[in-house]
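Laboratory data are not the source of any read-out in this text; all were calculated from the coordinates shown. The model shown is predicted, which means the values in this text are computed figures rather than measured ones. Because the Cβ atoms are built from the backbone with ideal geometry, glycine has one as well, and the counts that use them run over all protein chains shown.
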Amino acid sequence: SERPSRPGTRTLTARCGPSSPSAARCPSSTEGRPRTRERRRRQDFCARTARELATNHAVVVVEALKTRQMTRSAKGTLDAPGANVKAKSGLNRAILSKGWHQFARALASASSYSGTRVVIVSPQYTSQRCSQCGQVDPKSRESQAVFRCTHCSHREHADVNAAKCILAAGPQRYEDRP
């Protein structure tokens, strides 16, 4: 049942195109679906961040994270069922929702236009190495967030310390290339 229009007013019809503001209310639109919005936001974030890094820096250093191996299933087989399958599936979902691989692809694309060099560093021991003295010790990682070197007593947020180690490994890797 349509509402009767008042005299002297125009009737507006909702367009259900992908760029229309009412796309979230259109039943046939994919814009209103939560996963689609999440995916597009992630794509937008990766593209914007990659473009910003590529235009503002001459060299960008990233870890060579193997997301496919990191997100393998823990289900196991009938003979040897997996342990903590529910926790592992939650971890997999969290890793994949960050879009690490998608960001690396966007960074490679953006850097090809700006001339920025992308250096890929091995992720081995980056979270266990001290950014001050270079000592590697798994005991230095007190918790998920705290890093305190057992050799020189340097204390810092674990992610900041790992980022400094990755950045320090970048020029070595860059100079090794012909």
Residues with amide H under 5 Å from that of Val60, placed H, sequence gap 5 or more: Arg117, Val118, Val119
Net lengthening on full extension, His101/Asp44 (0.36 nm per residue, minus Cα-Cα): 19.1 nm
FRET efficiency for Asp79 and Lys139, using Cβ-Cβ distance with R0 set to 22 Å, rounded to 0.05: 0.05
J(HN,Hα) series, the stretch 79-89, from Karplus relation 6.51 cos²θ - 1.76 cosθ + 1.60, nearest Hz, glycine and proline x: 6, 10, x, x, 10, 6, 5, 5, 5, 5, 5
³J(HN,Hα), Karplus 6.51/-1.76/1.60, whole Hz, each residue of the stretch 48-57, x for Gly, Pro: 5, 5, 5, 5, 5, 5, 5, 7, 9, 9
Within the stretch 137-151, backbone nitrogen closer than 14 Å to the virtual label 7 Å beyond the Cα of Val160 toward Cβ: 145-149
Over the stretch 61-178, relative contact order from alpha-carbon pairs under 8 Å, at least 6 apart, %: 24 percent
By average C-beta atoms within 10 angstrom, highest first, the peptides 45-54, 68-77: 45-54, 68-77
Environment charge at Gln132 (Cβ cut-off 14 Å; Lys +1, Arg +1, Asp -1, Glu -1): +2
